[in-house]
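Derivation of every value follows stated rules applied to the coordinates shown; laboratory data play no part. Given the structure is predicted, the values throughout are model-derived calculations rather than measurements. Backbone-built Cβ (ideal geometry, glycine too); neighbour counts: all protein chains shown.
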Amino acid sequence: MSSATAPVMEAELVEGTSLWKDAWRRLRKNRMAVAGGTFIVVLVIASFVGPLFTGYGYEAQNLDYGAQPPSAAHLLGTDYLGRDLLTRVFYGTQISLLVGLLSGVVSLVIGTLYGAIAGFRGGRTDDVMMRIVDVLYSLPYVFLVILLIAAFGQSIVLLFLALGAVQWLSTARIVRGQVLSLKEKEFVQAARAVGTRPAGIILRHLIPNTLGPIVVYFSLTVPSVILQEAFLSYLGLGVQAPRPSLGALISQGAAHMDVYPWELVSPALVMAALLFSLNFLGDGLRDALDPQMKRG
Amino acid sequence: MRRFLLRRVLSLIPTMLVIVTIAFVLVRVAPGGPFDSEKAIPPEVKADLEKKYGLDQSIPVQYLSFLKNAIRGDLGISMKYQGRTVNEIIADGFPATLAVGSFALIWALLIGISAGVIGAVRQNTAWDYGAMGFAMLGISIPSFVLGPLLVLVFALTFFWFPPAGWGTWRHLVLPGVALGTVYAAYVARLTRGGLLEIVRQDFVRTARAKGLSERIVIWRHVLKGGLLPVVSFLGPMIAALFTGSVVVEKIFATPGTGSYFVDSALNRDLTLTMGMVVFYSAFLLLANLAVDIAYGFLDPRVRHE
């Protein structure tokens with residue numbers, strides 16, 4: 001690894017391999033993860049580019065063509081108000097992906113900082129901070145989100161924040177555990193010795209070294225947030241009509257499924273395929289990044 | 001063991017207080033009151049109503065009197081369903097919610113553990129891939145997708161089960177399966193992982209070396225330790241099953257408590273909302289406590305921490 005001790009006679013240069021390169025190599029070998037990742041990329045592009053080509057707006061109603069089965073003009077059919085279902089599924093996918101990503105980031109930021117500070121400070125601070133996490137852990141948080149949204153009205157920003165704010169607990173625990181063991185390492189002592197301030201040590205030295213588990217946990221948070229949003233939309237608490245999300249579309253489809261089932265089938269399939277791919281990608285990332293799993 | 005128990009029971013009190021306080025604050029800062037209906041009520045009547053429910057007093061006084069009554073088990077009178085106490089509403093609805101949740105829990109454990117054991121015992125065979133593929137599929141199909149699909153197939157096409165309603169055991173099956181399948185999938189993955197972890201350990205090799213049959217090795221030695229991850233997942237799972245039943249009850253028109261949760265919050269039915277929060281939280285915390293105690297018995301290491 002270190003070039004200082006490498007003898008000159010070593011003719012061929014051994015290319016250094018980082019955790020990330022290693023992980024990328026392992027991830028590429030996992031066929032299901034690659035398939036999942038590819039599907040997600042295709043879905044993201046399709047959901048943003050697709051609406052430009054369908055020729056309909058997501059809220060454009062045409063009551064003469066209400067509840068039509070799939071046809072050449074409407075590839076996935078129309079809903080009871082005559083809105084093009086394909087366009088709505090594209091928009092709904094966009095919203096669901098955005099909610100997953102943004103709430104995931106919110107929970108990631110809170111959890112990482114909280115966990116890193118608790119682990120780095122240690123002692124009483126750590127005790128108190130982790131006790132708070134324990135207490136919050138046993139809250140029926142879905143109810144709190146419902147209360148929060150019922151109290152402050154349904155805005156999409158609040159939705160991101162509320163969902164993100166209840167998902168950070170596990171991230172905090174994982175990061176704290178990592179930081180506890182990392183902070184005794186020599187490179188942290190060196191940083192302290194040259195007078196780096198605590199904030200600098202946390203941001204520049206500790207957090208970058210916990211990125212592996214953070215990425216893995218992030219990949220598990222995104223599908224669960226998407227699911228939560230759909231759950232809330234199903235209850236009428238998520239994204240507001242006429243704007244669609246996958247959950248809202250499924251809810252609407254389920255209400256009419258005995259008469260026109262295509263309204264349920266297409267958003268349900270997209271939702272299941274999206275979660276399926278995200279879960280496979282998450283599993284693949286875990287296997288690729290988690291050194292403990294290597295022996296498996 | 002006694003100290004472990006005592007500490008766990010005592011820790012319920014601050015948790016419960018935090019929940020109640022957060023909920024109380026959220027409910028009170030929400031704009032709009034329970035008596036702001038479209039029909040304008042004369043101000044005197046409104047004032048009378050507010051006095052009756054103690055809304056004319058200061059927030060801290062309301063908070064303390066709520067706590068005092070809740071400790072005595074009195075959750076007050078609903079503000080929307082006038083004349084019905086919150087206790088009555090919960091007592092009417094909760095049996096149905098409990099029945100669906102319990103069915104889902106048993107379904108999840110039965111299917112999940114079986115699939116997980118098959119996957120672990122026949123690791124890297126078609127059986128394993130099949131079981132884990134199904135588990136992945138199960139995780140990806142949320143209850144509100146599975147529910148309508150089950151109705152479409154088993155109620156509206158084959159007529160095996162009623163599509164909605166309540167009354168016989170047949171009404172339990174579809175909601176229970178819709179609710180429990182996702183967790184069956186999680187349990188399957190946890191079981192498989194837990195068993196594979198234990199199978200690698202020395203005491204299992206010893207058990208095999210002394211000539212025990214594979215069946216006894218699995219049943220007596222591996223399962224006990226291998227199911228620990230499932231036991232620790234029971235707490236979150238019970239919480240998720242009972243909160244998740246809000247949606248399933250809506251799909252299957254189950255006369256449970258689920259619908260009250262959302263409706264009461266949207267209606268600003270302050271007493272019913274608080275009552276639901278207190279009741280569900282207490283139920284979930286006690287379920288968690290039971291799981292922790294069970295875990296303490298199964299894994300002595302926890303008790304001595």
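Below are the figures for this structure:
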item	result
Cα gyration tensor shape for the stretch B:215-305, rounded if a/c is under 1.5, else prolate or oblate	oblate
Averaged over A:267-276, number of beta-carbon atoms from partner chains that fall within 10 Å	4
Net charge of neighbours whose Cβ lies under 15 Å from the Cβ of A:F280, counting Lys and Arg as +1 and Asp and Glu as -1	+4
Hz values of 3J(HN,Hα) by residue in the stretch B:291-300 - Karplus curve (6.51, -1.76, 1.60), Gly and Pro given as x	5, 4, 5, 4, 4, x, 5, 6, 10, x
Label-point separation, A:L19 to B:L5 (7 Å along Cα→Cβ), nm	4.4
Placed amide H near B:I77: partners under 5 Å, 5+ positions off or other chain	B:V86
Charge tally in the Cβ shell below 15 Å around B:L149, where Lys, Arg are +1 and Asp, Glu are -1, B:L149 excluded	-2
Where only alpha carbons of the stretch A:18-293 are counted, the Rg and the Dmax (Å)	22.0, 76
The stretch A:97-240: translational diffusion in µm²/s, Stokes-Einstein, Kirkwood Rh over Cα pairs, 20 °C, 1.002 mPa s	133
Equivalent ellipsoid, the stretch B:95-258 (semi-axes from 5 times Cα gyration tensor eigenvalues, Å)	35, 16, 12
Residue exposure sequence - A:R192, B:R301, A:R31 - by fewest surrounding Cβ within 10 Å	B:R301, A:R31, A:R192
Pairs of Cα atoms farther than 30 Å apart, chain B, %	48
Candidate lysines - alpha carbon under 20 Å from B:K210, same-chain residues fewer than 8 apart omitted	B:K224
Rg and Dmax [Cα atoms of the protein assembly as shown; Å; Rg one decimal, Dmax integer]	26.5, 98
Shielding by other protein chains, B:144-156, mean Cβ within 10 Å	5
Peptide-level mean, for A:128-135, of C-beta atoms on other protein chains within 10 Å	2
Modelled FRET efficiency - R0 25 Å, A:L63 with A:A255, Cβ distances, 0.05 increments	0.90
Net charge of neighbours whose Cβ lies under 13 Å from the Cβ of B:I89, counting Lys and Arg as +1 and Asp and Glu as -1	-2
Approximate spin-label separation B:L17-B:W219, in nm, with each point projected 7 Å along Cα-to-Cβ	5.0
Proportion of all alpha-carbon pairs of the stretch B:96-153 beyond 14 Å (%)	66
Segments B:182-192, B:149-159 sorted - mean Cβ within 10 Å per residue, highest first	B:182-192, B:149-159
As computed over the stretch B:136-180, the Cα convex hull volume per residue (Å³)	66
Highest to lowest packing among A:34-45, A:210-221, A:84-95, scored as the average C-beta count within 10 Å	A:84-95, A:210-221, A:34-45
Per-bin percent of Cα-Cα distances, the stretch B:243-286 [10 Å]	29, 53, 18
Per-selection Kirkwood Rh - the stretch A:193-296 (Cα, Å, 1 d.p.)	16.6
